[in-house]
Structure formats: C-alpha cells, structure tokens
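The values are calculated or read from the model by the stated rules, or taken from the named source; none is laboratory data. Remember, it's a predicted structure, so these values are computed and weren't measured experimentally. Cβ coordinates were reconstructed from backbone atoms using ideal geometry, including for glycine residues, and neighbour counts include every protein chain displayed. We work out accessible area using only protein heavy atoms, side chains counted, and drop any ligands, DNA or RNA first. Shrake-Rupley method; radii C 1.70, N 1.55, O 1.52, S 1.80 Å.
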Amino acid sequence: MKPILPGSLGDDGRPATLGVMGGGQLGRMFVQAAQAMGYYTAVLDPDPTSPAGLVAHYHVQADYLGEPGLAQLMQRSSAITTEFENVPAAALATLAAHRPVSPGAACVAVCQDRAVEKAHFERSGVPCAPYAVIETAAQLAAVPSQLLPGILKTSRLGYDGKGQARVADRAALAAAWDTLRCAPCVLEQQLPLALELSVIVARGADGQCVHLPVQQNLHRDGILAVTQVPAPDADAALQQRAVQAAESLAEALGYVGVLCVEFFLLQDGRLVANEMAPRPHNSGHYSIEACDVSQFALQVRCLAGLPLVQPRLHSPAVMLNLLGDLWLDPAGRERVPDWSGVLALPGAHLHLYAKGQARPGRKMGHLTITAADAATARAVALRAAATLGLPAF
Ligand SMILES: Nc1ncnc2c1ncn2[C@@H]1O[C@H](COP(=O)(O)OP(=O)(O)O)[C@@H](O)[C@H]1O
Ligand SMILES: [Mg+2]
C-alpha cells in the first residue's frame, strides 16, 4: 500500500483523513494521535456526544451497520480502522472493498468469537486455558469434569467481565447457561493465577512487528483497575515469552494493525493466552506519556502505512482506571472527584473521556503517573489512589 502521508491532500483537496468505526474513548485517543500528526479524522458513531465524535473533524452520526453511514465514512476517509471488535466483519469487508482497512475483517472476526480465538491460540502453538465449546445441550452434558470449577463465557460480545459466570459444578453450569439464554459459550477451567500480563504488538503490512513493553494488570470485578510498567513481578525471560507469543499470534493471523494479547501467568509458572483485542487496549494507555511512541500513534502508523519503530519506555508508569463509581458519593449523589489533589502530584496525567453520565463500572477516564523510577511511580500512584478513594494495589 502507498503510504498516506500526513498533511497530504486527498482526492477532494482536503488533508488526508483517517476514519474510525466507533466513537468511544479508544477512538477518541486514536483521533487525538492522528490529529497530532496532521491528519484530518472522521468518526462513525450514532451518538451525537460520543467521546471520539466530539473531537473528530467529521462525525458521521449514523448506525455502524447501515449503508448510508458506511458510505459517508468511506467518502470522508482515506483509510479506516476500528476501535471496537464487535464491528460486524461484513461492514469492514464492505469498507475494505473501497479503502485500506486495518485490522482486516477476517482478523477481527477471529477476535470476536472466543471459540474461534482459542482455536487460533492452539493452531499457533500458544497455550490457553483448557476449555470446551458449549452451543448445544449435548455439548453441555458432555463437558469434562476437569473443567470445573470453571468460568462460562459467552463466545461473543463479552467485555469487562460481562457475559461471564463462575460455575462450581454441573448444576451451576446448567443454571448459568440458562441465564445466558443458551447463547454459544465457552467453558474455561478456572486457573490459579499468579499474575495477569498483556502485550501490545503493532504489525505493518510488510510483516514488521514492534511491541510495547509488557504490562502487568490488576482487575477488580472483571474490569481492569491498575496497569504497571515495567511489570514488577515478571522477569525478563517471562516477558520475552509473552512478547514472542503475542508476535506469533499476530503473524499467524497475517495481522496488520495494533493487537493486544492478554495473558495469565499461572502459579506453576506456565504462561497461557487469555484473549486478544484487535485494537489498542486499556492496558496500553500509559504509553501515551510513558513511551516515545504510544499505542495510538502505532495504530495511526499501521493504518497509514508509515514506518514502525520499536517504542521505548522512557518513564516507568502506573495507570489507574477511573470508573464512574468515583463520581458517586456513598449516598449515590454525583460529585466531582478531587482532581486538584490528584494534579498536585508529580507526574500525574489526567485523561477524561467527556462521557456525560457517570455510572458504576463505566470507564470515564484514566490517570497515568510517570516517574524517573518504578518505585516512585508506584508510591505516587498509591497516593493518587488514596486521594480518590481507590483501594491500594
Ligand atoms: N480461566 C480463568 N481462570 C481464572 N481467572 C479468569 C479466567 N478467565 C478470566 N478470568 C478473570 O476474569 C477477567 C476477565 O476475563 P476475560 O476473559 O479477560 O473477559 P473480558 O472480555 O471481560 O475482559 C480476567 O482478566 C481474569 O482476571
Ligand atoms: Mg479481558
């Protein structure tokens, strides 16, 4: 593909425009990275106040699936990416017939379905949790006992721990499948986790692969709460294993774009892949301030066919997710969190996504603390957490 150079003019005489399917916070940060390089940006999202739509040059306020919205996005954009994996593959394929699109529809389709994703792990020689696909009552009945206790997950559309149930035995499994309306699911063995890690790789059309440093993640209630980089509890050999596994998964897919792979380190030292996201990831937000190339700048470069360079972490960082709970006092009344207290801390970088309504569990923003050394970043992040009323980590 011929690179889409920043600041070059498109067919319509306007500066080259990068388009994104979806108007959430990932789209917003992609738009901001693209704009920093001089691109115009276009966002397709039906919500008139979507976080990315608010900051893009062009906001196509239309349904993701409808012909008119896709046509308008295409008309505006020189190349198109996505910020969420549940874009129907057919919509990406339609766009790809007329414009460069990355990641490709086939890659997104693999990441959309946990059963297909796990098959990809196995095919690529990357271990994952023992699992069974449950799409029929017969498959439910045939589940091997060693998968219990386990976690039942809908194959599609799950996120932030939604569409999941922990099941101790067969009776609980049957009840949980019923609650999930007998949707296609995978049952995974519940594994004894020592750590959660993630790796973000970016792969260009020429096959060149670069990666961000390995992230160590803490989840609360199934939602990412804290990311630390460098990963405090993962040694260099383990980190290298994770990076190699992520790169081989991207390669085996012929992936072009930014891909995040989540891993579990088990208590016996085994590393298993959990899931993939065909886009930048919440665990990579720290890279905006802590790396010389962020995950969003990598997404821009992949999409525009620009050179990829290996990012360098220049500052140890801790990222705290800011969920809607922070905006609610114990009585459930809205309040403004103590931003002055937080911004008085050295190395604090506040990102709010301009989502109007705070709701418990809703991702409203994140806070990255950078410092000259990891111990200081952690100490300051603990002070930030205490200031906001978040638990220590
Ligand atoms: N097989 C498992 N064993 C133990 N913990 C798990 C397992 N699967 C998921 N979890 C926990 O639940 C979290 C969310 O699960 P995940 O599959 O990543 O779903 P989501 O798409 O909601 O992020 C994981 O980060 C991990 O903490
Ligand atoms: Mg996950």
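For this structure, a couple of remarks:
- Matching residues, region 76-97, being open to solvent by 10 Å² or more (accessible area, probe 1.4 Å) and in contact with a strand residue (DSSP E or B) (Cβ under 9 Å, 6 or more places away or on another chain): Arg76, Ser78, Glu83, Phe84, Glu85, Ala93, Ala96
- The residue that is nearest to the chain's Cα centre (by Cα), among those in region 235-269 that are open to solvent by 10 Å² or more (accessible area, probe 1.4 Å) and within 12 Å of ligand 1 (Cβ to nearest atom), is Glu262.
- Residue within region 328-345 that is among the aliphatic types (A, V, I, L, M), under 26 Å from Asp233 (Cα atoms) and part of a helix (DSSP H, G or I) present: no
- Screening Val318, Val300, Val293, Val309 for residues that are open to solvent by 20 Å² or more (accessible area, probe 1.4 Å), of a type in the set (A, V, I, L, M) and not assigned by TED's automatic domain parsing to the domain that holds Val87 leaves exactly one candidate, Val309.
- Candidates in region 206-223 are the residues that are over 15 Å from the mean Cα position of the chain (by Cα) and within 16 Å of ligand 1 (Cβ to nearest atom); of these, the one that is least open to solvent (accessible area, probe 1.4 Å) is Arg220.
- So Ser102, is it more than 26 Å from Ala354 (Cα to Cα), of a type in the set (S, T, N, Q) and in contact with a helix residue (DSSP H, G or I) (Cβ under 6 Å, 6 or more places away or on another chain): yes
- Beta carbons closer than 8 Å, at least 6 apart along the sequence or on distinct chains, pair a first residue in region 115-133 that is closer than 16 Å to Val186 by Cα with a second that is of a type in the set (S, T, N, Q) and surrounded by fewer than 18 Cβ atoms within 10 Å (Cβ to Cβ) for Ala129/Gln189; Pro130/Gln146; Pro130/Gln189; Tyr131/Gln189; Ala132/Gln139; Val133/Gln139.
- Scanning region 11-26 for residues that are closer than 19 Å to Gly257 by Cβ and part of a strand (DSSP E or B) returns Thr17, Leu18, Gly19, Val20, Met21.
- One residue stands out in region 246-266 among those that are within 16 Å of ligand 2 (Cβ to nearest atom) and assigned to a helix (DSSP H, G or I): the one that is farthest from Glu122 (Cα to Cα), namely Ala246.
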